[in-house]
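See structure below.
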Amino acid sequence: MKWNLRLAAANRGIWKASELQRMLAERGLVISTGKMSGLWSGRPNTIKLDELDVICAVLGCRVEELLVPEPDQVPAPASDDEPAAVTERSGPAPRPGRGRSLPPR
């Protein structure tokens, strides 16, 4: 998915993230400067559906204008003759030894 907030805002004469941030706050959506920077730059970490509703209400747009599908960016499924890709696990490795304890009887 491509996040298109900046273009949607520009189409409505909003050129600064701080201006949109103020407009969102007037509608009850207070966004931190860091999160607003991510939304404005095109790489938001997360966005909640209720936040999306407020953004659409402020801009007078539909979700389709903010979220643009990019199906050509999705990798093709692996064929049967290709081995599945091994993904590295992030975080600490499980400790060997004792498993979970049993519940009391």
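Computed from the coordinates by the stated procedures, all read-outs in this text should not be read as laboratory data. Just so it is clear, the structure is predicted and the values come from calculations on it, not from any experiment. Here the Cβ positions follow ideal geometry from the backbone for every residue, glycine too, while neighbour counts run over all protein chains shown.
What three numbers, in Å, describe the spread of the alpha carbons of segment 1-87 along their principal axes, ordered from the longest?
Taking the Cα atoms of segment 1-87, the three principal extents are 56, 23, 21 Å.
What is the Rg over Rh value, at two decimals, for segment 33-81, using alpha-carbon atoms and the Kirkwood definition of Rh?
That ratio equals 1.16.
If I take R0 = 30 Å and measure r between the Cβ atoms of ARG27 and LEU67 in this structure, what FRET efficiency does the formula 1/(1 + (r/R0)^6) give, to the nearest 0.05?
Once the sixth-power term is evaluated, E becomes 0.95.
Can you work out ³J(HN,Hα) from phi for every residue in segment 7-14, in order, using Karplus 6.51 cos²θ - 1.76 cosθ + 1.60 and θ = phi - 60°, giving whole Hz and x for Gly and Pro?
5, 4, 5, 4, 5, 10, x, 9
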